Amino acid sequence: YIAPYHYADGSLINNYAKPGAKYLLGADFMGRDVLSRIIYGTRISLSVGIVGAVTAFIIGVLYGVVSGYYGGKIDNVMMRFVDIMYGFPTLLLIILMMVLFKSTFAVTTPGTFAATLSAIDRAFGGLFFIFIGIGITAWRNIARIARGMALSLREKEFVEAARATGNSNLQIIFKHVTPNLIGPCIVRVTLAIPIYITFEAFLSFIGLGVNPPTPSWGMLISEGYQAMRSYPHLAIYPGLALAITMMAFNFLGDGLRDALDPRMK
């Protein structure tokens, strides 16, 4: 309802049309409205950012609070695994997983688990494997923050009182420890949303992102880059949309930090 045209509608008669009354931001090499494709691409980029943030938050908080609360050998083993994960650059790890996923599930036998995953990925326009790739790597920072706070909270008087009244470890973790560390974790994961959006844009730029003709900002920038000399607006406008969105989430994260982080009060 917001976009003037459907993202796939176009005519070669109007290819590379310059910004004007009909196409406010111009048309691409297939005559498709750039503004409409940017608007549709917003859904893709925001979906990746938000799903990545939610996944990182859930996995990271649960992993970190268990590691920090129990401490000792459990904490040592769990954090060594996190250290191993940190040994791989995040973007390189995501690229390797995307290549592995797309090559492994490209040719599948109908009715198999691989065929099901491939069908789900196609239904999501190529986003499903991106969600998995970001979800596997994005939780590490949150886990460290949650673990550090859990180490401190487990020695607090209210936790000792909960133990004395007969609460189990799980009850203490979910009723007393976790609620007190959610605020800083929300702040951190909100500040990371622009990073996840950038990951998706880069993956689409190099051809490992969403499936054409579904638009994403990275794909639009990649298509515009190929005609950058003659039609620079094709890459500039999606790039501006990406930059403004990243700036907005950074401001949101700063505001949440001022409101929720106890160290800022």
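Just so you know, all these numbers are worked out from the coordinates, no wet-lab data involved. Computed from a prediction, not measured in an experiment: that's the story for all the values here. Note: ideal-geometry Cβ built from the backbone for every residue, glycine included; neighbour counts use all protein chains shown.
Can you sort 98, 30 from fewest to most other Cβ atoms within 10 Å of each residue's own Cβ?
So the residues, fewest neighbours to most, are 30, 98.
Going by how many other Cβ atoms sit within 10 Å of their own, how do 198, 190 line up, fewest first?
By the 10 Å Cβ count, ascending: 198, 190.
Check residue 32: other-chain or 5+ apart residues with amide H under 5 Å from its amide H, H built from backbone geometry?
Close amide H contacts, sequence-distant or interchain: 11.
Using the number of other C-beta atoms within 10 angstrom as an exposure proxy, rank 102, 175 with the fewest first.
175, 102
Using alpha carbon centroids, what distance separates the range 162-187 and the range 1-30, in Å?
53 Å
Specify whether the C-alpha gyration tensor of the range 115-265 places it in the rounded, prolate or oblate class, a ≥ b ≥ c being the square roots of the eigenvalues: rounded for a/c under 1.5, otherwise prolate if a/b is larger than b/c and oblate if not.
oblate
Using just the helices of the chain, give the 222 nm mean residue ellipticity in deg cm²/dmol: DSSP H runs with n ≥ 4 each add -39,500 (n - 2.57), and the total is spread over all residues, rounded to 500.
Using -39500 (n - 2.57) per qualifying helix, the result is -22000 deg cm²/dmol.
By the gyration tensor of its Cα atoms, with a ≥ b ≥ c the square roots of the eigenvalues, what is the shape of the chain: rounded for a/c under 1.5, prolate for a/b over b/c, or oblate?
Because a/c hits 1.5 or more and a/b exceeds b/c, the chain counts as prolate.
For the chain, what is the relative contact order in percent, using Cα pairs closer than 8 Å and at least 6 residues apart in sequence?
Values: 357 pairs, mean separation 63.1, N = 265.
Relative CO of the chain lands at 24 percent.
Need the list of aspartates and glutamates near residue 22 for cross-linking: C-alpha distance under 17 angstrom, and skip anything on the same chain fewer than eight residues off.
Once the sequence-local aspartates and glutamates are set aside, what remains near residue 22 is 9, 33.
Using only Cα atoms, locate the centre of the range 37-74 and the centre of the range 196-221, then give the distance between them in Å, rounded to an integer.
20 Å
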